[in-house]
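Have a look at the structure below before the remarks.
Readers should treat all values here as calculations from the given coordinates under stated rules, not as data from a laboratory. Owing to the predicted nature of the structure, the values given are computational and were not obtained by experimental measurement. We place every Cβ from the backbone using ideal geometry, glycine too, and count neighbours over all the protein chains shown.
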Protein chains: 2
Amino acid sequence: MKTLRDIGEDALIERLVRLVPRDPDPAAGPGDDCAVIDDGGDFLQLLKTDALVEHVHFLSATPARAVGWKAAARVVSDFAAMGGCPRHFLVTLALAPETSVAWVEDLYRGIGDCLEKFGGYLAGGETTGVPTGSASVISIAATGRVIRAHLVRRSTAHAGNVLLVTSRLGGSIHAKHLAFTPRLHETNWLVANFKPTAMMDLSDGIAKDLPRLAAASGCGFVIDETSLPITAGCNAAQALGDGEDYEILFTLDAELVADLLASWPFPELPLTRIGELVRIGEGDSLTGGWEHFRGGG
Amino acid sequence: MKTLRDIGEDALIERLVRLVPRDPDPAAGPGDDCAVIDDGGDFLQLLKTDALVEHVHFLSATPARAVGWKAAARVVSDFAAMGGCPRHFLVTLALAPETSVAWVEDLYRGIGDCLEKFGGYLAGGETTGVPTGSASVISIAATGRVIRAHLVRRSTAHAGNVLLVTSRLGGSIHAKHLAFTPRLHETNWLVANFKPTAMMDLSDGIAKDLPRLAAASGCGFVIDETSLPITAGCNAAQALGDGEDYEILFTLDAELVADLLASWPFPELPLTRIGELVRIGEGDSLTGGWEHFRGGG
């Protein structure tokens, strides 16, 4: 019997989406950081759901306010990765009956911290019990929106486009994963000024996420590992494989890169050119990154 | 230390919603089966999230296809309860790595069965692991919509309105809770022909849900227990308190009731007058119904 441990997340999703009705609108297609709903008008709606599991994404001793921040910030990061903004949040909690009310209130305060900083409202929620001893699960679904002309997908890059990444990669597990800043302001500036040809946020490690972006665009890739922006105290393997960086990977027409680097208005957030897309079947391959049912690999 | 077991779900929600930014639009107010988003135009958007937990809402041996149906149908029932229809679904699964791929595929088939019958598309999802031994959690968030003039809330009934309920109540745990039919077609007909003054679906038992509707409308209630439509083999206490009926409770102007009962076009689904709303502070009280952190009470 094949189990979830035996099959990768991407392969699983591919099998599952065939079993349910899907929107015939090609705008809604799977494979991006968010689903895109086109009802006409100047804005497209974005939809996203995400979950944090106790013992997997946070520890029982992790301050609840940090867990709440992380749960909301991961969703904000996905809207950022498509050039959009968050709007309405739905919070689903499955918690043990022994959970203290104070812990849940702190979790909500952390969600509130993130919504106050990046916009968005709580629209609803559901709180239910899990059996004693079971891991708590925090699931956040949200709607967002993006100006139609600003939408950036993973699948629209071309061979020859340059690969760029924000900030530094690796070692997120030591603290950053609980307190990261979604790159919402930066990507909103990018799509209005130097619209990327493709974009995504780095949640499972660039070793796993870059091949996804390249494949979605029908390209290969080459990266210059010596150019990778690495977190102080980490090595290249960690920068490639640790995951939970929540930085932004994007591609840009080569002739715009010098101009972008000269114009970039966020001096505290370095932007690094790490490689380029090439024709499919050419270029590098990467192994490693986070597997949701197996852990790091 | 106060725990979730010590505090009711309604009291918890009231404390939590104060801790996060909320939409200043009064249309979005909490306390209904769905959140309502008003972006102008002929339709209002509805948002809903809901979760099923292993050992609580289904057993490990429950056929996965039935679990998938139930997870999706609960959300469809909430859209029905406001006079709307489902549109886009997000499915979040937190599952043990030992879960078989075949089980997850059957779960998705069950979701697909429900979407094919009642409309709606899968828009996205997230699948993540829980530690071995932890309960699986299935969380479904969805968008829906309702024609602006058809929206029905819980909070808009008046003293003197008649209370009506669909089908029969009680004993859902013996099978119905896994295979119930959301009353989408019936409520869509109702809002177009005899618009209720208030409406909700019965998920926690009428003993818990009717006081919620009455309180939201600033009313009391009287019910005639001898008129309760009771499932064969059940008693009145079960009809009041079992929960998971997923029938529709609604209120109607008294002068329309005879006309509605004569026009009701769903002969297989009886409609029963069970009482009426009265002025707040008058009328009956009910105890019992499902408590999410304590079980039946």
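Here are a few things to note about the model shown:
- Sorting the segments B:1-12, A:59-70 by their residues' average number of neighbouring beta-carbon atoms within 10 angstrom, most packed first, yields A:59-70, B:1-12.
- Theoretical gain in end-to-end length, B:L261 to B:A232 [0.36 nm per residue, Cα-Cα removed]: 8.2 nm
- Tensor-based shape of segment A:4-150 (alpha-carbon gyration tensor, a/c under 1.5 rounded, otherwise prolate or oblate): oblate
- Listed residue (B:F194, B:I111, B:T166) projecting farthest to the positive dipole end of chain B, Cβ model: B:I111
- Across the identical copies, how the B:A175 labels are spaced - nm, sorted shortest first, 7 Å along Cα→Cβ: 6.0
- Mean per-residue shielding of peptide A:56-63 is 1, counting Cβ atoms of other chains within 10 Å of each Cβ.
- Residue separation of B:A192 and B:R148 scaled by 0.36 nm, minus their Cα-Cα distance, works out to 14.7 nm of gained length.
- Seen against the Cα atoms of chain A and their longest principal axis, helix A:101-118 is set at about 30 degrees.
- Cross-link partners for A:K176 among the lysines, with Cα-Cα distance under 23 Å and sequence neighbours closer than 8 places in the same chain left out: A:K48, A:K70, A:K117, A:K208.
- Between the residues B:I223, B:P26, A:L47, the greatest Cα displacement towards the positive end of the dipole of the protein assembly as shown, with unit charges on the Cβ of Lys, Arg, Asp and Glu, is found for B:I223.
- Pairs of alpha carbons in the protein assembly as shown separated by more than 32 Å make up 47% of all such pairs.
- Charge tally for A:D284 (other residues, Cβ to Cβ under 15 Å; Lys, Arg +1; Asp, Glu -1): -2.
- Taken residue by residue and averaged, Cβ atoms of other chains lying within 10 Å of the Cβ of A:84-94 number 5.
- For segment A:162-296, a Kirkwood hydrodynamic radius built from all Cα pairs, placed in the Stokes-Einstein relation at 10 °C and 1.306 mPa s, yields a translational diffusion coefficient of 106 µm²/s.
- Dipole check for the protein assembly as shown: with +1 at the C-beta of Lys and Arg, -1 at the C-beta of Asp and Glu, and the Cα centre as origin, the magnitude is about 120 Debye.
- Radius 13 Å from Cβ of B:L228, net charge of other residues (Lys, Arg +1; Asp, Glu -1): -4
- If both residues of a DSSP beta bridge must be in segment A:20-148, then about 70% of such bridges are antiparallel.
- Taking 0.36 nm per residue of separation and subtracting the current Cα-Cα distance, fully stretching the chain between A:D6 and A:D42 would add 8.6 nm.
- Between helix B:64-80 and chain B: long-axis angle, C-alpha atoms, 0 to 90°, nearest 10: 40
- Each Lys or Arg adds one and each Asp or Glu takes one away; over the other residues whose Cβ falls under 15 Å from the Cβ of A:Y246, this sums to -3.
- Positive-end residue, the protein assembly as shown charge dipole about Cα centroid, Cβ charges, pick of B:V278, B:G243, B:P211: B:G243
- Computed packing ranks the peptides B:42-53, B:166-177 as B:42-53, B:166-177, most packed first, by mean other Cβ atoms within 10 Å.
- Largest-first principal axis extents, alpha carbons of chain B, Å: 57, 46, 46
- Around the Cα centre of segment B:162-296, unit charges on the Cβ atoms of Lys, Arg, Asp and Glu (plus for the first two, minus for the last two) sum to a dipole of about 180 debye.
- Value of D in µm² per second that Stokes-Einstein yields for segment B:216-297, Kirkwood Rh from Cα pairs, at 37 °C (0.692 mPa s): 222
- Where Rh is the Kirkwood radius over Cα pairs, Rg/Rh for segment A:1-90: 1.03
- Computed from the C-beta positions of A:S285 and A:E98, the FRET efficiency with R₀ = 56 Å rounds to 0.75.
- In chain B, the calculated helix contribution to ellipticity at 222 nm averages -8000 deg cm²/dmol per residue, counting -39,500 (n - 2.57) for every DSSP H run with n ≥ 4.
- Between copies, A:G119 shows label-point distances of 3.0 nm, shortest first, with the point placed 7 angstrom from Cα along Cα to C-beta.
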